[in-house]
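Beneath this line is the structure, given in structure tokens, with notes to follow.
The values are calculated or read from the model by the stated rules, or taken from the named source; none is laboratory data. Keep in mind it's a predicted model, so treat the numbers as computed, not measured. Cβ placement follows ideal geometry from the backbone for every residue including glycine, while neighbour counts extend to all protein chains displayed.
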Amino acid sequence: MPKSPARQIDAAPLDAAAVLQWYDRNARDLPWRVPPADRARGIAPDPYRIWLSEVMLQQTTIAAVRSYYARFTALWPSVADLAAAPLDRVLVEWAGLGYYARARNLHACARAVVERHGGVFPTRSAELLALPGIGAYTAAAIAAITGDEEVAVLDGNVERVLARYLALPVPVREAKEGLRAYLQEQVPQRAGDFAQAMMDLGATICAPRSALCMLCPLQPGCLGTRADPLVYPVKAAKPERPVRFGHAFVIRDRDGDIYLRRRPEKGLLARMAETPTTPWTDEALPVVFPFAADWRALMPITHVFTHFRLELSVWTAEAPVPADLAEGWWAAPEGLDDEALPSLFRKVLASAGL
């Protein structure tokens, strides 16, 4: 990818050589990463595994991702294996990671790689961008890390490093294209190691709540260290998160099994398993039970989505399910871990002691 002029940001260049020297000594040990010494010997990262890790890490921590990554790569060691898996099985294994559209896009992308590229995962950003669920950041990360394509990789960690290095006076989201253009000018031939080095700097040295400036290879040129680096990035004003309300129903049969159903094909938490609920509304409404039974109130729950907070009252009853609700199924309590239950409905079931 050709380098573009640094629009909006006029600053001294980064010392990319110092960043790479630091990375050679301090690279994090990650299950999907090829260490810099092995990379120097010509060992190339597996683009499938880099892609899988990048999708999992979106809005999630490495600590949370490790077990999921290990399970996915054990179950589906290649992109062809993942493409051949039933989507519902993928959703079950993804449950708990959140942002479930990522899992559906993951499966669609794996199928596209098999159908369009014969199961060989692309490593050039232009080809990657044409795949479902892969945006500009993910395409850049895969292309740089696996093929040393000289493209800027700008994630949250890198944004924080640059905001402090440049003493960026505005929130990152107001200068993102300028930051990307500036970073593009800095990318060396070891583009993959440079991208991962900048990520590691943000994760370990230039962290959200601390800045170990004396250990940082960029400290000599960093404008943020001349005052208080923790002032940066400048925080953007957050809009107030709206609240929605609803009721959830935990239905048991005489054997103690739990009635579940599948959410619609599209929309929030699409195709995931759930207990029945009322519609989620902007105001708290009196409960309307799905059928007559001896309903008992349980501890209410709160769950925070990206764009709203949901408050659910939880009710339980032991009763047969009427025919008009028979689209679901009964799950034994000991089998709930095998259901594609998102975190929200695991909270609902926890309220019922499950």
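Some notes on this structure:
- Enumerated helices (runs of 4 or more DSSP H) restricted to the range 1-101, each holding at least 2 residues that are modelled with pLDDT of 95 or more and more than 25 Å from GLN186 (Cβ to Cβ): 47-57, 62-75, 79-84
- Check on ALA293, free of Cβ contacts under 8 Å to residues at least 60 places away in the same chain, surrounded by 15 or more Cβ atoms within 10 Å (Cβ to Cβ) and either in contact with a Ser or Thr (Cβ under 7 Å, 6 or more places away or on another chain) or over 24 Å from ALA101 (Cβ atoms) (or both): yes
- Exactly one residue out of VAL250, VAL187, VAL243 is more than 28 Å from the chain's Cα centre (by Cα), β-branched (Val, Ile, Thr) and either at pLDDT 95 or above or more than 30 Å from TYR99 (Cα to Cα) (or both), and it is VAL250.
- Count - residues of the range 90-125 that are of a type in the set (S, T, N, Q) and within 16 Å of the chain's Cα centre (by Cα): 1
- The set of residues in the range 263-319 being among the β-branched types (Val, Ile, Thr), farther than 17 Å from ASP253 by Cβ and under 29 Å from the mean Cα position of the chain (by Cα) consists of THR277, THR278, THR281, ILE301, THR302, VAL304, THR306, VAL314.
Rundown of residues vs (1) touching a strand residue (DSSP E or B) at 6+ places or on another chain (Cβ under 8 Å); (2) at pLDDT 95 or above; (3) farther than 30 Å from HIS117 by Cα; (4) of a type in the set (Gly, Ala, Ser), yes/no style:
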| position | (1), (2), (3), (4) |
| --- | --- |
| ALA140 | no, yes, no, yes |
| VAL153 | no, yes, no, no |
| TYR165 | no, yes, yes, no |
| LYS176 | no, no, yes, no |
| LEU179 | no, yes, yes, no |
| LEU183 | no, yes, yes, no |
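- In the range 60-81, the residues that are at negative phi and charged (D, E, K, R) reach residues that are assigned to a helix (DSSP H, G or I) and surrounded by 13 or more Cβ atoms within 10 Å (Cβ to Cβ) with C-beta atoms within less than 8 angstrom, at least six apart or across chains, in these pairs: ARG71/GLU93; ASP81/LEU75.
- Among (1) under 26 Å from ASP38 (Cα atoms); (2) surrounded by 17 or more Cβ atoms within 10 Å (Cβ to Cβ); (3) not small (Gly, Ala, Ser), the one test that TYR100 misses: (1)
- Residues of the range 57-68 classified as closer than 19 Å to ALA101 by Cβ and either in contact with a Pro (Cβ under 7 Å, 6 or more places away or on another chain) or hydrophobic (A, V, I, L, M, F, W, C) (or both), total: 3
- Taking the range 224-239 as the range and being touching a Lys or Arg at 6+ places or on another chain (Cβ under 8 Å) and either closer than 16 Å to VAL158 by Cα or among the aromatic types (Phe, Trp, Tyr) (or both) as the test, the residues that pass are GLY224, PRO229, LEU230, TYR232, PRO233.
- Criterion violated by ALA181 - all others in (1) more than 20 Å from ARG39 (Cβ to Cβ); (2) within 24 Å of the chain's Cα centre (by Cα); (3) outside any loop (DSSP other than H, G, I, E, B) satisfied: (2)
Residues are listed down the side, and each one gets a yes or a no for (1) closer than 24 Å to ALA63 by Cα; (2) outside the structural domain of ARG226 (by TED's automatic domain parsing); (3) surrounded by fewer than 19 Cβ atoms within 10 Å (Cβ to Cβ):
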residue	(1), (2), (3)
ALA95	yes, no, no
ARG116	no, no, yes
LEU128	no, no, no
LEU131	no, no, no
ALA136	no, no, yes
LEU166	no, no, no
GLU177	no, no, yes
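- Elements of type strands (runs of 3 or more DSSP E) in the range 278-354, at least 1 residues being more than 30 Å from LEU87 (Cα to Cα) and in the same structural domain as LEU268 (by TED's automatic domain parsing): 309-318
- The condition (being surrounded by 13 or more Cβ atoms within 10 Å (Cβ to Cβ), closer than 18 Å to PRO169 by Cα, hydrophobic (A, V, I, L, M, F, W, C) and in contact (Cβ under 8 Å) with a residue 60 or more places away in the chain) is satisfied by just one residue among VAL234, VAL187: VAL234.
- Verdict on LEU87 being of a type in the set (A, V, I, L, M), in contact (Cβ under 8 Å) with a residue 40 or more places away in the chain and outside the structural domain of ASP338 (by TED's automatic domain parsing): yes
- Residue count, the range 265-303 (criterion: among the β-branched types (Val, Ile, Thr) and over 22 Å from ASP337 (Cα atoms)): 4
- Condition check for ALA181: surrounded by 14 or more Cβ atoms within 10 Å (Cβ to Cβ), on the phi > 0 side of the Ramachandran plot and in contact (Cβ under 8 Å) with a residue 24 or more places away in the chain: no
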